[in-house]
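The values are calculated or read from the model by the stated rules, or taken from the named source; none is laboratory data. These numbers come from a predicted model, not from an experiment. All Cβ positions, glycine included, derive from the backbone under ideal geometry; neighbour counts span all protein chains shown.
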Amino acid sequence: MKKLLVTLTAVLVSVSAFGQGSVIFNNRVGTVDAPIRRPDGTGAGAGVTAQLYLVGAGGALTALTPTSTFRTTSAAAAFYLNQVTVTVPGIAPGNPGTFRIRAWEGASYDTSLLKGESNDVTITQLGGQPSTGAPIPDPALAGLTGFALVAVPEPSTMALGLLGAAALLYRRRK
């Protein structure tokens, strides 16, 4: 009985692996050349993390893993990601998927004060091993365009600015 359960589990894990497509997560590979830069025009470089997201119905984003970091070998390389292959759960190899890259400096995209995101890119055929037939090579993010990270002011800075503007308007009325 124990051997049967182990065999059944192994078969289920194998079958579930076939149901996942994959894509090359890189902004400079093949015909793709989409640099990511800081507000001052330099490459994103050290300290910046990037993550690939699956864009679903209504624009809902699903974070995919693993994340990537930027190259640090030279100033020219700092615009580009270290390449990783990302598995896309729920989409079988050979099927299409739409993706977006988000990059940020700090702990997370939501809390970062320096962040940005790419245009949406649709891949017509994800790579991987379909349940029947030959393996499909992992595609690059063709159609990706470069983008810049932008500085997001802290809420306290915005509140202080609004308070100052209100004071100026109040003083002007007197």
Which condition from (1) surrounded by fewer than 17 Cβ atoms within 10 Å (Cβ to Cβ); (2) in contact with a strand residue (DSSP E or B) (Cβ under 8 Å, 6 or more places away or on another chain) is the one that Trp104 breaks?
(1)
Residue pairs meeting the criteria (Cβ under 7 Å; at least 6 apart or on separate chains; first closer than 23 Å to Asn119 by Cβ, in segment 136-160; second modelled with pLDDT under 95 and in a loop (DSSP other than H, G, I, E, B)):
Ala140/Gly30; Ala142/Thr31; Ala151/Leu113; Val152/Leu113
Considering segment 108-130, residues that are among the aliphatic types (A, V, I, L, M) and either surrounded by 21 or more Cβ atoms within 10 Å (Cβ to Cβ) or at pLDDT 95 or above (or both), and then whichever is farthest from Leu52 (Cα to Cα), we arrive at Leu114
Which of (1) modelled with pLDDT under 95; (2) under 16 Å from Gly128 (Cβ atoms) is the odd one out, the single condition Thr87 does not satisfy?
(1)
For segment 14-93, which fully contained strands (runs of 3 or more DSSP E) count at least 2 residues that are in contact (Cβ under 8 Å) with a residue 24 or more places away in the chain and among the hydrophobic types (A, V, I, L, M, F, W, C)?
21-25, 48-55, 84-88
If we scan segment 136-146, do we find a residue that is part of a loop (DSSP other than H, G, I, E, B), of a type in the set (Ser, Thr, Tyr) and more than 18 Å from Leu54 (Cα to Cα)?
no
Thr73 - would you say it is among the polar types (S, T, N, Q), out of contact with any helix residue (DSSP H, G or I) (no Cβ under 9 Å at 6 or more places or on another chain), exposed (fewer than 12 other Cβ atoms within 10 Å of the Cβ) and under 22 Å from Gly30 (Cβ atoms)?
yes
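I need the full set of residues from segment 118-135 which are assigned to a loop (DSSP other than H, G, I, E, B) and of a type in the set (Ser, Thr, Tyr), in order please.
If the condition is that a residue be assigned to a loop (DSSP other than H, G, I, E, B) and of a type in the set (Ser, Thr, Tyr), then Ser118, Thr124, Ser131, Thr132 are the ones that fit.
Inside segment 107-125, can you point out the residues that are without any contact (Cβ under 8 Å) to a residue 40 or more places away in the chain and in contact with a Leu (Cβ under 9 Å, 6 or more places away or on another chain)?
First, pick out the residues of segment 107-125 that are without any contact (Cβ under 8 Å) to a residue 40 or more places away in the chain: 107-108, 110-111, 115, 117, 119, 121-122, 124-125.
If the condition is that a residue be without any contact (Cβ under 8 Å) to a residue 40 or more places away in the chain and in contact with a Leu (Cβ under 9 Å, 6 or more places away or on another chain), then Lys115, Asn119, Val121 are the ones that fit.
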